[in-house]
Amino acid sequence: MTWVLLGIVVLVVLVGIWVAVTYNGFVRLRNLVQESWRQIDVELHRRHDLIPNLVETVKGYAGHERGTLEAVTKARTVAAAPGSTPAEQAQQENMLTGALRQLFAVAEAYPDLKANTNFLDLQRQLAETEDRIAAGRRFYNANVRTLNTKVQSFPDNVVAGMFNFKEAEYFEAEDPEVRRAPEVRF
């Protein structure tokens, strides 16, 4: 009788240890996902801060391109608004990217603007920021994948359900230009 009772106590202790270790793993992954999202957020803010300077520089050369400049400003305002989920933020950033693409298309028509060192510097900084955002998105999405796999996998999903751990959203580029295969000509 005492051996059975001892066996039950050992089993309960082992299950308790497993639950604690699994719970701590979920907490670590959730915090890693949140930290990686904050890194993306920093780069998005940097991008949003560069855009007004870019718009002002273009305005000096191409002031009559008012519709394009207003579209960029409006898209930046929407993208910079706080409180978005990763999916909503991705959609807003895609709209901003499209508006910026139009702005750079306008700049192509103005050789003096394309040669302006301030414009070139802003364009370079924006390109560097875009690269950091892309790297941050890859890091964030890898952490989301790890968390989501753990939330969905048995027996960890039992602990996830008990302590209300949920899947995280991916931060995905919806831009067709990003997803389109490059065209190669010889």
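None of the figures in this text is laboratory data; all of them are computed from the coordinates on show. What you are looking at is a predicted structure, and each value in this text was computed from that prediction instead of being measured. Note that each Cβ is placed from the backbone with ideal geometry, even for glycine, and that neighbours are counted across all protein chains shown.
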With Cα coordinates, the longest principal axis of the chain makes an angle with the long axis of helix 117-152, in degrees rounded to 10, of 20 degrees
Magnitude of the Cβ-charge dipole (Lys and Arg +1, Asp and Glu -1) of the stretch 24-164 about the Cα centre, nearest 20 debye, reported as 400 debye
So Glu35 and Leu14, fully extended at 0.36 nm per residue minus their Cα-Cα distance, gain in nm 4.4 nm
Label model pair Trp3, Tyr170: point-to-point distance (7 angstrom along the Cα→beta-carbon line) in nm is 5.4 nm
Once the in-chain neighbours fewer than 8 apart are removed, the lysines whose Cα is under 30 Å from Lys166 read Lys150
Tilt, helix 66-80 to longest principal axis of the chain (alpha-carbon atoms), in degrees rounded to tens, equals 20 degrees
The helix 2-61 Cα axis meets the longest alpha-carbon principal axis of the chain at an angle in degrees, between 0 and 90 and rounded to 10, of 10 degrees
One finds the C-alpha centres of the stretch 57-126 and the stretch 7-24 to be spaced, in Å, by 55 Å
Rounded to the nearest 0.05, FRET efficiency between Asp112 and Arg132 (Cβ-Cβ, R0 45 Å) equals 0.90
So for R0 = 25 Å, FRET eff. of His45-Phe104 from the Cβ-Cβ r, to 0.05, ends up at 0.75
Asp121 and Asn24 label points (each 7 Å along its Cα→Cβ direction) are spaced in nm at 5.0 nm
Across Asn164, Asn53, Asn94, the residue with the highest GNM fluctuation in the chain (Cα network, 10 Å cutoff) is Asn164
